[in-house]
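Written out below as structure tokens is the structure these notes cover.
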Amino acid sequence: MNKEKALHRIEELRAVLEGHRILYHVHDTPKITDEVYDSLMRELSLLEKKYPEFDTPLSPTHRVGGDPLPKFVKVTHEIKQWSFDNAFSYEELLAWEERNAALLKKAGVEQTPTYIAEMKVDGLKVVLTYVDGVFVRAATRGNGEVGEDITENIKTVKSIPLTLPERVSFTVIGEAWMKKKDLEKINRAREKEELPLYANTRNLAAGTLRQLDPKIVATRNIQIYAYDIEGGSYTTQEDELITLDRFGFLVNSERKLCRTLKEAQAFYDRWITRRQTEDYGIDGLVIKVNERILWDTLGYTAKSPRAGIAYKFPAQEVSTKLLSITCQVGRTGAVTPVAELEPVLLAGSTVARATLHNADEIERLDVRVGDTVLLRKAGDVIPEIFDVVTDLRPKDALAFVMPKYCPECSSPLSKISIGKELSAAVYCRNKECPAQHLEGLIHFASKKGMGIEGLGEKIIEIFHDIGLITDAASLYDLKKEDIEGLEGFGEKSADNIIASIQGSRTVLLHKLVYSLGIRHVGEQTAKDIAKHFNSFDELRTKNTEELSRIEGVGEKVAEALVSYFKDSANQKLLARLLPHLTVIAEKSTSEGKLFNTTFVITGTLPTLSRDEAKELIEKNGGKVSASVSSKTSYLLAGENGGSKRLDAEKLGTPIIGEQDLLNMI
Ligand code: ZN
């Protein structure tokens, strides 16, 4: 392929990929499979590597995220970013209309405004600048005058175009948001890693866009609804939305033109219930005067443009009574106070319990047994008490005092040090605490742990309560006869449970490491650790320094591992447990940056011999094979590469040079 042809092909591919981006990410109507999309992308990427002079940072191949930033740079907005005033009732809406009518009359304008009602998406406002049809910058709203430059992060968001079909210059305002199901997924993962949870989708969107590493943002599925153009001339707000859609932005199609505010109110009433079923958070409607010509006449208050108003939905909050506060002992010994509530319907489900986290939180809320409390769902998922109606407090209500002794084993409770600080929670330090053992067993058998499917929480609880099992090792001593006589268990269910336990005996190293419930060692950390060892025994003998050198393992984790293995009770447990298990090491298969990558080498490389290149690839977990096939990830080509290069070109296999390989590792 000559240069001219290559450029033509590059341009063709970019246009086709942009078309498919719009179908997929804007209109949600993909016309080609992911595989086809990926393969077109690969062809483009290959051509751009071969002809770097035709590469541009705006190519769709660059949406995967660039290098992490040291910090965000401040950006002064060219046009001040206002926010609309709020209304909370129909009366306030009518008052807004009346004020506007008076202003228009005073200015001698006879036109009566009509309205457009749009969803007020619960996200983060972003300001996108395009010059001559090219995306140049994205910033957060910040304080309205100065925001932060998040260009590299926004570039990874597929619901906005990087190039426009026309050479126009303008600023587009949008709302960045995330799907509720993504929030749940991410929170579930964070819970396992013992990381703080995101409270809601707005929180998650904000936290994601404030990531310094664009590669993480690229994995997060951020969406942006564009809703405003600054610097264009459009007769109506609706025109602007139509234009944005035409330019390849994602525009929320849920909107309504209203001749009167009464129509807007009817639309609002419908959405109060309908919003629950959408996959994004909506906290109200934004009602705007549709005729742009009236916007200037209406002007601004000190804080907001008068042409629009945010009509908020009533909050999803309920009151109920706090019946008692109980304490729960977790796997790590942490004791958590839990509010036992008079059952109440909240956002579609019945809530009877809510965590109070720790004594500090109880003090902050000043919550007492017998109080009427206000409940909401944080992030639409976890119920939380956020306030107390002190006027309704019974005279005899007592302040709650955290117990001094474990409710399960009566050992004294105390805070533990985490780094330089003391924990907020108190812990039961008794290693023989039955509650900790039970939670530990549930964790051990869980899907991400040993994956003993037939052994659910309820069954573990029953077996534990009657003393049939005491710890992880005792599971493997269980016999069919122990179970089948128990109430509710027959021969068949006993068989199944035993088979399930026996089936877990061959286990991947990371699953074993995770299932032991070592503090700070979540699933991902366990995987990071397992990659570096040939056996469980090798891991056990390492010191803090050696462990903390592993990527993904900090000092905190390293210390937790060492102290776990040093503990004599744990050593006794492992001595009984390990003989039952066949542990499969993952080192050889999953270490290195080139894991799962297959190379073919051809020609003479500038500095490395072919054997050296091969060694380097294998040391980083990659494979080298002799001939190019559909399974080849890259052709590493030097000078005078012959037929292999032709094969690679035919198959669309990316061709890289020595420097590319060195960059990869
Ligand atoms: Zn205890």
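The values are calculated or read from the model by the stated rules, or taken from the named source; none is laboratory data. Bear in mind the structure is a predicted one, so any value in this text is a computation, not a measurement. With ideal geometry, Cβ positions are generated from the backbone for all residues, glycine too; neighbour counts draw on all protein chains shown. Each accessible area value is taken on the protein alone, full model and side chains, heavy atoms only, with ligands, DNA and RNA left out. Shrake-Rupley method; radii C 1.70, N 1.55, O 1.52, S 1.80 Å.
Only one residue in Gln81, Gln111 is of a type in the set (S, T, N, Q) and out of contact with any Gly (no Cβ under 8 Å at 6 or more places or on another chain), so which one is that? Show your work before the answer.
Numbers: Gln81 fails: out of contact with any Gly (no Cβ under 8 Å at 6 or more places or on another chain).
Gln111 is the lone residue from the list that is of a type in the set (S, T, N, Q) and out of contact with any Gly (no Cβ under 8 Å at 6 or more places or on another chain).
Take Arg167 and decide whether it is surrounded by fewer than 13 Cβ atoms within 10 Å (Cβ to Cβ), modelled with pLDDT of 90 or more and not aliphatic (A, V, I, L, M).
Details: surrounded by fewer than 13 Cβ atoms within 10 Å (Cβ to Cβ): yes; modelled with pLDDT of 90 or more: yes; not aliphatic (A, V, I, L, M): yes.
Considered against the rule, which asks whether it is surrounded by fewer than 13 Cβ atoms within 10 Å (Cβ to Cβ), modelled with pLDDT of 90 or more and not aliphatic (A, V, I, L, M), Arg167 comes out as yes.
Taking the stated definitions as given, is Ala117 over 30 Å from Val16 (Cβ atoms), surrounded by 13 or more Cβ atoms within 10 Å (Cβ to Cβ), out of contact with any Gly (no Cβ under 9 Å at 6 or more places or on another chain) and without any contact (Cβ under 8 Å) to a residue 60 or more places away in the chain? Spell out how you get there, then give the answer.
On the way: over 30 Å from Val16 (Cβ atoms): yes; surrounded by 13 or more Cβ atoms within 10 Å (Cβ to Cβ): yes; out of contact with any Gly (no Cβ under 9 Å at 6 or more places or on another chain): yes; without any contact (Cβ under 8 Å) to a residue 60 or more places away in the chain: no.
When the stated conditions are applied, Ala117 does not pass them.
Inside the range 611-645, can you point out the residues that are in a helix (DSSP H, G or I) and either among the β-branched types (Val, Ile, Thr) or within 20 Å of Glu43 (Cα to Cα) (or both)? If you could, list the steps in order and put the result at the bottom.
Start the filter on the range 611-645 by keeping residues that are in a helix (DSSP H, G or I), which leaves 611-619, 643-645.
Answer for the range 611-645, where residues must be in a helix (DSSP H, G or I) and either among the β-branched types (Val, Ile, Thr) or within 20 Å of Glu43 (Cα to Cα) (or both): Ile617, Ser643, Lys644, Arg645.
Given the criteria small (Gly, Ala, Ser) and over 35 Å from the mean Cα position of the chain (by Cα), does Ala575 qualify?
Working: small (Gly, Ala, Ser): yes; over 35 Å from the mean Cα position of the chain (by Cα): yes.
Yes.
Any chance the range 51-73 includes a residue that's in a helix (DSSP H, G or I) and either hydrophobic (A, V, I, L, M, F, W, C) or closer than 28 Å to Asp283 by Cβ (or both)?
Of the range 51-73, the ones in a helix (DSSP H, G or I) are 52-54, 60-64.
Pick out the ones that are also either hydrophobic (A, V, I, L, M, F, W, C) or closer than 28 Å to Asp283 by Cβ (or both) and you get 54, 64.
Among the residues of the range 51-73, at least one is in a helix (DSSP H, G or I) and either hydrophobic (A, V, I, L, M, F, W, C) or closer than 28 Å to Asp283 by Cβ (or both), which makes the answer yes.
Could you please give the count of residues in the range 422-441 that are open to solvent by 50 Å² or more (accessible area, probe 1.4 Å) and within 9 Å of the ligand (Cβ to nearest atom)?
The qualifying residues number 3.
So, in the range 408-418, of the ones that are farther than 12 Å from Ala334 by Cβ and open to solvent by 70 Å² or more (accessible area, probe 1.4 Å), which residue ends up farthest from the ligand (Cβ to nearest atom)? Give the derivation first.
As a first pass, look at the range 408-418 and keep what is farther than 12 Å from Ala334 by Cβ: 408-412, 417.
Then keep just the ones that are open to solvent by 70 Å² or more (accessible area, probe 1.4 Å); that gives 408, 410, 412, 417.
Values: Glu408: 5, Ser410: 7, Pro412: 10, Ser417: 19 Å.
So, considering only residues that are farther than 12 Å from Ala334 by Cβ and open to solvent by 70 Å² or more (accessible area, probe 1.4 Å), the one farthest from the ligand (Cβ to nearest atom) is Ser417.
If we keep just the residues of the range 497-519 that are in contact with a strand residue (DSSP E or B) (Cβ under 9 Å, 6 or more places away or on another chain) and outside any helix (DSSP H, G or I), which is surrounded by the fewest Cβ atoms within 10 Å (Cβ to Cβ)?
Thr506
From the list Pro403, Pro394, which one is away from the ligand (no atom under 16 Å from the Cβ), open to solvent by less than 50 Å² (accessible area, probe 1.4 Å) and in a loop (DSSP other than H, G, I, E, B)?
Working: Pro403 fails: away from the ligand (no atom under 16 Å from the Cβ).
Answer to the selection: Pro394.
When you scan the range 590-620, how many residues do you find that are open to solvent by 80 Å² or more (accessible area, probe 1.4 Å) and among the polar types (S, T, N, Q)?
Final tally of qualifying residues: 3.
Which residue is farthest from Lys179 (Cα to Cα), if the candidates are limited to the range 193-247 and must be among the small types (Gly, Ala, Ser) and surrounded by fewer than 22 Cβ atoms within 10 Å (Cβ to Cβ)? Break it down stepwise before answering.
Residues of the range 193-247 that are among the small types (Gly, Ala, Ser), as a first pass: 199, 205-207, 218, 226, 231-233.
Remaining after also requiring surrounded by fewer than 22 Cβ atoms within 10 Å (Cβ to Cβ): 199, 206-207, 218, 231-233.
Numbers: Ala199: 13, Ala206: 13, Gly207: 14, Ala218: 15, Gly231: 30, Gly232: 30, Ser233: 33 Å.
Here the answer is Ser233.
With the condition kept exactly as written, say whether any residue in the range 452-461 is more than 16 Å from the ligand (Cβ to nearest atom), within 28 Å of the chain's Cα centre (by Cα), more than 30 Å from Thr582 (Cβ to Cβ) and surrounded by fewer than 19 Cβ atoms within 10 Å (Cβ to Cβ).
Checked the range 452-461: no residue is more than 16 Å from the ligand (Cβ to nearest atom), within 28 Å of the chain's Cα centre (by Cα), more than 30 Å from Thr582 (Cβ to Cβ) and surrounded by fewer than 19 Cβ atoms within 10 Å (Cβ to Cβ).
Considering each of Lys106, Lys49 in turn, give the residue that is open to solvent by 80 Å² or more (accessible area, probe 1.4 Å) and within 30 Å of Ala15 (Cα to Cα).
Lys49
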